[in-house]
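Quick one: this structure, given as structure tokens, is what I'll be asking you about.
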Amino acid sequence: MHVLIPAAGSGSRMRAGKNKLLIELEGESLIYWTLKSVFSSSLVSWVGIIGQPNDKNELLNSIKGFSSKVQWINGGETRQESVFHGLNSLPSDAKKILIHDGARCLIEPSLINKCAQELEGNEAVVLATKVTDTIKIVDDKGYIQETPNRKNLWAAQTPQGFLVERLRKAHLMAIEKNWIVTDDASLFEILNWQVKIIEGNSSNIKITTPLDLKIAKLFLKDF
Ligand code: C5P
């Protein structure tokens, strides 16, 4: 299985003054922990890491021995653009792809395997968890518009897996039509292409704020 790791963000919500994936937890960078899990999956055969050129040396140094096993790809201004660069850098034998955010460093290898296996029978899969909060849709002035039924609500995570040709086509259409999305599954939804949900777990958080770092530190102690 081929895996792309978007790691080209600026980390502004973390207020760390650098790419949040370079922040150290338990003695290693966030991106190191992500790659450790990815390479623990027996189904993973190729990994591309998508980063900003000015982070290249620091990111590759921080992943230590994994650096010789990954393909470096220059990222774009948005996650969507970064993934598109990744798709254009895949080896020609890549028919299926898992995309996993570098910022989800607590992913369990068994869930990476589960996504890869489910991709055998589906054109697109997304790891997700059932929402436990009651979610409100709120207008720009701060007033509630609607409360969607919780039983149909899932929080999307990564990995997200796709047939490469389909995802490439979806990205090309997005460029043509100016669709802006925050995950790849959204492009399939716009196109009315089926995406299968795979139930994951809530420890697979995306490290975004300083609070997330504290939570991740607790989980990493158990790794
Ligand atoms: O900012 P956020 O955490 O939502 O980004 C999700 C993932 O996408 C992160 O791993 C981040 O490094 C990556 N990203 C990227 N290129 C960008 C912006 C974000 O690869 N231009």
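The values are calculated or read from the model by the stated rules, or taken from the named source; none is laboratory data. This structure is a prediction, so every number in the text was calculated from the model and none was measured. Backbone-built Cβ (ideal geometry, glycine too); neighbour counts: all protein chains shown. Heavy atoms of the whole protein, side chains included, go into the accessibility calculation; ligands, DNA and RNA do not. Shrake-Rupley method; radii C 1.70, N 1.55, O 1.52, S 1.80 Å.
Where residues in region 73-91 are over 23 Å from Val125 (Cβ atoms) and either in contact with a helix residue (DSSP H, G or I) (Cβ under 6 Å, 6 or more places away or on another chain) or more than 14 Å from the ligand (Cβ to nearest atom) (or both), which of them is most open to solvent (accessible area, probe 1.4 Å)?
The selected residue is Asn74.
Restricting attention to region 33-69, report how many residues are assigned to a strand (DSSP E or B), within 16 Å of the ligand (Cβ to nearest atom) and open to solvent by 20 Å² or more (accessible area, probe 1.4 Å).
Of all residues in region 33-69, those assigned to a strand (DSSP E or B) come to 46-51.
Then drop every residue that is not within 16 Å of the ligand (Cβ to nearest atom), which leaves 47-51.
Subsequent filtering for residues that are open to solvent by 20 Å² or more (accessible area, probe 1.4 Å) retains none.
Count: 0.
Let me ask something additional. Being among the aliphatic types (A, V, I, L, M), closer than 19 Å to Val38 by Cβ and at pLDDT 95 or above narrows it down to one of Leu163, Leu111, so name that one. It would help to see each step written out before you state the result.
Values: Leu163 fails: closer than 19 Å to Val38 by Cβ.
Selected residue: Leu111, the only one of Leu163, Leu111 that is among the aliphatic types (A, V, I, L, M), closer than 19 Å to Val38 by Cβ and at pLDDT 95 or above.
Can you tell me which residue among Thr158, Thr147 is over 19 Å from the mean Cα position of the chain (by Cα) and open to solvent by less than 70 Å² (accessible area, probe 1.4 Å)? Please lay out each step first, then the result.
On the way: Thr158 fails: over 19 Å from the mean Cα position of the chain (by Cα).
So the residue among Thr158, Thr147 that is over 19 Å from the mean Cα position of the chain (by Cα) and open to solvent by less than 70 Å² (accessible area, probe 1.4 Å) is Thr147.
Return the residues of region 12-32 that are closer than 13 Å to Asp55 by Cβ and not in a loop (DSSP other than H, G, I, E, B); say none if nothing qualifies. Even if it seems obvious, please write down each step before you answer.
Of region 12-32, the ones closer than 13 Å to Asp55 by Cβ are 16-23, 29-31.
Those that are closer than 13 Å to Asp55 by Cβ and not in a loop (DSSP other than H, G, I, E, B): Lys20, Leu21, Leu22, Ser29, Leu30, Ile31.
Restricting to region 207-223, name every residue that is within 15 Å of the ligand (Cβ to nearest atom) and touching a strand residue (DSSP E or B) at 6+ places or on another chain (Cβ under 7 Å).
Those that are within 15 Å of the ligand (Cβ to nearest atom) and touching a strand residue (DSSP E or B) at 6+ places or on another chain (Cβ under 7 Å): Leu213, Ala216.
I want to confirm something. Restricting to region 169-199 and keeping residues that are within 16 Å of the ligand (Cβ to nearest atom) and open to solvent by less than 50 Å² (accessible area, probe 1.4 Å), which single residue is farthest from the chain's Cα centre (by Cα)?
This residue is Ala174.
Quick check on Ile5: is it more than 8 Å from the ligand (Cβ to nearest atom) and modelled with pLDDT of 95 or more? Walk me through it before giving the result.
Values: more than 8 Å from the ligand (Cβ to nearest atom): no; modelled with pLDDT of 95 or more: yes.
No, not satisfied.
I would also like to ask the following. Against the condition within 13 Å of the ligand (Cβ to nearest atom), in a loop (DSSP other than H, G, I, E, B), closer than 21 Å to Gln160 by Cβ and touching a helix residue (DSSP H, G or I) at 6+ places or on another chain (Cβ under 6 Å), how does Ala94 come out, does it pass? I'd like the intermediate steps shown before the answer.
Working: within 13 Å of the ligand (Cβ to nearest atom): no; in a loop (DSSP other than H, G, I, E, B): yes; closer than 21 Å to Gln160 by Cβ: yes; touching a helix residue (DSSP H, G or I) at 6+ places or on another chain (Cβ under 6 Å): yes.
So Ala94 does not fit the description; no.
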